[in-house]
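I have placed the structure first, in the form of structure tokens, so that the comments after it can refer back to it.
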Amino acid sequence: MNMFNAILLILVFISHAQSFFISPMLRKKCNLCRKSNISMMGRRSEKIARTKGKTDAQRTKVFARIGKKIVMAVKANGPNEDTNKLLHDIIKEAKHYNVPKDNIQRAIKRASEGTQGDFKENVYEVYGHGGVGLIITC
């Protein structure tokens, strides 16, 4: 932004705030400035962007978790949803969380082609304070 445009914007602000007189030439230039690509965001839009970022991060975690579950189910029992009860249940869960069909189909395709590595469920037995036994599945 050059010096003339900066001064012009200041004059426009002052004129709108305090109703000073602006010459017709400056008023015409002012209309050109309004059509420029200046975008100003306030507190409200920043808040919306921040909350959208948080919800997108949560959805990404859920989508990744369900994608891994789909890969595990397909590797265990095959890609057919009719014969694979586990896959059917996971797809039902994915629909509950609004996972796009494209993501589901890509995960099934990746797992059935064999290019995807194995995700395996691990079970750990741990003893805590006082001899309490815990079984952790992850």
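The values are calculated or read from the model by the stated rules, or taken from the named source; none is laboratory data. As the structure is a prediction and not an experimental result, all values here were calculated from the model. Counting neighbours? That spans all protein chains shown, and the Cβs are built from the backbone with ideal geometry, glycine included. Calculation scope for accessible area: heavy atoms of the full protein, side chains included, ligands and nucleic acids excluded. Shrake-Rupley method; radii C 1.70, N 1.55, O 1.52, S 1.80 Å.
For the residue pairs K47/K109; K47/K68; K54/K101; K54/K92, alpha carbon separations beyond 28 Å are given by K47/K109; K47/K68. Among 96-109, 64-77, the peptide with the highest mean count of other Cβ atoms within 10 Å heads the list, and the full ranking is 64-77, 96-109.
Other residues with beta-carbon under 12 Å from the beta-carbon of I90 carry, at +1 per Lys or Arg and -1 per Asp or Glu, a net charge of +3. Ordering of 50-60, 125-135 by packing is 50-60, 125-135, highest average first (other Cβ atoms within 10 Å, averaged per residue).
Net charge in the neighbourhood of V74 (other residues with Cβ under 12 Å of its Cβ; Lys, Arg +1, Asp, Glu -1) is +3. For the stretch 52-119, the share of accessible area belonging to carbon and sulfur comes to 52 percent (1.4 Å probe, ligands and nucleic acids excluded). Simple rule: put +1 on each Lys or Arg Cβ and -1 on each Asp or Glu Cβ in the stretch 54-138, find the dipole, and look at H129, F63, Q116; the Cα lying farthest toward the positive end is F63. A 1.4 Å probe run over the protein chains yields, for the stretch 61-124, 69 Å² of accessible area per residue, whole-number rounding.
Shown in residue order for the stretch 66-72 are the 3J(HN,Hα) couplings computed by the Karplus curve 6.51 cos²θ - 1.76 cosθ + 1.60 at θ = phi - 60°: 5, x, 5, 5, 5, 4, 4 Hz (x for Gly and Pro). Charges were assigned to the Cβ only: +1 to each Lys and Arg, -1 to each Asp and Glu. The resulting dipole of the stretch 59-138 about its Cα centre is roughly 360 debye.
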